[in-house]
Amino acid sequence: MALHPPRAPAIGVFWLFVLPFAALTAVFGVWPILLSIQTSFTQSASALKPNPTWVGLANYIAIFADPVFVASLWRTLFYTLLAVTSTVVLALLYALLLNSALVGSWRTFFKLAVFLPVVTPDIAGYVVWRWLFDQSFGAINIALSALHLPTFGGLSSTSTVLQAVLLAELWHHLGFYVIVFLANLALCDKAQMEAAEIDGASATQKFWHVVLPQLRPALLVNSVYALIQYLKTFTVVAVMTKGGPNDSTNFLSYYAYQLFDQGRYGEATAMASVLFAIVIVLAAGLMRLQSREAGH
């Protein structure tokens, strides 16, 4: 009869590693969120006092009656949809390129090129992008003019500012998502690909029926992470646009920050709570959809 080693020491080691991180998450993650939600039910003038005045849902009613908030909410959702789709698709294509034989000996160069911006300080990177988009001396418009092409409105035009902001964010974040896809591609079953080749499947058929189904874990991770990241877009706006021009990049996080800076703590934390609820609902919905498709 086989003897099994006692599980108690293994469980003890597990909790030894988990508890410090769980404690840090509770203190610096969960507790501030709970305090923020609590503040959203209090009067701004007394929100930071030991005994704040409770106002119930008044702050939530006030923000949903604010047309700037409503416009900011819809703008945030639209930008998130555009950014998540662009990020996941481009990261997948780039990872497939790196995983193919097309890049040859340049593979390391392309990996560094896409990942170095991830470890670049975001503020420094966005300052450089702001200079690149400048209408007077920006390198982008100088290059376009030299090629006798139409100039790019960049950050100064309401019709192009979202594209400019998204371009800067893609440059900074895309490498992370590429790495996740590459890690999943390395785990893909090569036997299935060989079987598809023997059966005479085309490149498109191999991608849709062999590669893509095996990339579901990476698609889920990248979609959820990108959803959370872009819903709370803040730094790129604070550095590059300050919410302009004409509030066209005044996303929810930045508008909440503006109200907090004005001392309107109750309304600002109410907006943060709404954003938190949207993140939870959409992320849970994505995960449920993915698990349902995997079940089929």
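In straight Cα distance, which lysines are under 27 Å from K190, not counting same-chain residues fewer than 8 positions off?
Output for K190: K111, K206.
How much mean residue ellipticity at 222 nm does the chain get from its helices, if each DSSP H run of length 4 or more adds -39500 (n - 2.57) and you divide by all residues, to the nearest 500 deg cm²/dmol? Intermediate results must be reported in sequence, preceding the final value.
Working: 14 runs with 200 residues, N = 296.
-22000 deg cm²/dmol, from helical runs alone.
Positive end of the dipole of segment 188-238, charges at C-beta (+1 Lys, Arg; -1 Asp, Glu), about the Cα centre: which of Q205, T233, P217 has its Cα farthest in that direction?
After comparing all options, I get T233.
Say we join alpha carbon atoms closer than 10 Å with springs in a Gaussian network model of the chain; which of T39, T249, T53 then has the biggest fluctuation?
Greatest mean-square fluctuation among the candidates belongs to T53.
Compute, for the chain, the length of the dipole vector about the Cα centre, with Cβ point charges of +1 (Lys, Arg) and -1 (Asp, Glu) only. Units Debye, rounded to 20.
Values: 14 positive and 12 negative charges, 75 e Å.
Approximately 360 debye in magnitude.
List the chymotrypsin sites (Phe, Trp or Tyr not before Pro) within segment 199-285 that DSSP assigns to loop and that have no more than 10 neighbouring Cβ atoms inside 10 Å. Walk me through the intermediate numbers first.
Details: sites: F207, W208, Y225, Y230, F234, F251, Y254, Y255, Y257, F260, Y265, F276; in loops: F234, F251.
Qualifying residues, ordered by number: none.
Under a 1.4 Å probe, what is the accessible area of segment 137-296 per residue, stated in Å²? Intermediate results must be reported in sequence, preceding the final value.
Working: 8170 Å² over 160 residues.
Here the per-residue accessible area is 51 Å².
Ignoring ligands, DNA and RNA, please state the percent of accessible area on the chain from carbon and sulfur, probe 1.4 Å. Each step should come with its number before you reach the end.
Numbers: 12400 of 17480 Å².
Carbon and sulfur: 71 percent of the exposed surface of the chain.
Based on a Kirkwood Rh over C-alpha pairs, give the Stokes-Einstein translational diffusion coefficient of segment 77-216 at 20 °C and viscosity 1.002 mPa s in µm²/s. Before the final figure, lay out each step's value.
Details: Rh = 17.4 Å.
It comes out at roughly 123 µm²/s.
Return the single residue from N222, N246, N184 with maximal mean-square fluctuation; model: Gaussian network over the chain, springs between Cα atoms under 10 Å.
Among N222, N246, N184, the largest GNM mean-square fluctuation belongs to N246.
Tally Lys and Arg at +1 and Asp and Glu at -1 over the other residues with C-beta under 12 Å from the C-beta of V128: what net charge comes out?
-1
Please compute the contact order of segment 101-245 in relative form: average sequence separation of alpha-carbon pairs under 8 Å and at least six residues apart, divided by the residue count, as a percent.
Dividing the mean separation by the residue count of segment 101-245 yields 29 percent.
Go ahead and run the numbers for FRET between F109 and Q38, Cβ-Cβ distance against an R0 of 41 Å, rounding to 0.05. Intermediate results must be reported in sequence, preceding the final value.
Working: r = 51 Å, r/R0 = 1.24.
For F109 and Q38, the calculated efficiency is 0.20.
Quick one: if you stick a label point 7 Å off each Cα along the C-beta vector at A139 and S291, how many nm between them?
4.7
Can you tell me which of A47, A146, A91 moves the most in a GNM of the chain? Springs connect C-alpha atoms under 10 Å apart.
Result for the chain, Cα springs under 10 Å: A146 fluctuates most.
Rg/Rh for the chain to two decimals, with Rh computed the Kirkwood way over all alpha-carbon pairs.
Result for the chain is an Rg/Rh of 1.05.
Find the eigenvalues of the gyration tensor of the Cα atoms of segment 29-158, then list the square roots of 5 times those eigenvalues as equivalent ellipsoid semi-axes, largest first, in whole angstrom. Spell out each step's value before the answer.
Details: eigenvalues 368, 107, 50 Å².
Working through the eigenvalues yields semi-axes of 43, 23, 16 Å.
Label W54 and I123 with points 7 Å out from Cα along Cα→Cβ: what is the distance between them in nm?
3.9
The values are calculated or read from the model by the stated rules, or taken from the named source; none is laboratory data. Being a predicted model, the structure only gives us computed values, none of them experimental. Note that each Cβ is placed from the backbone with ideal geometry, even for glycine, and that neighbours are counted across all protein chains shown. SASA here: full protein model, heavy atoms, side chains in, ligands and nucleic acids out. Shrake-Rupley method; radii C 1.70, N 1.55, O 1.52, S 1.80 Å.
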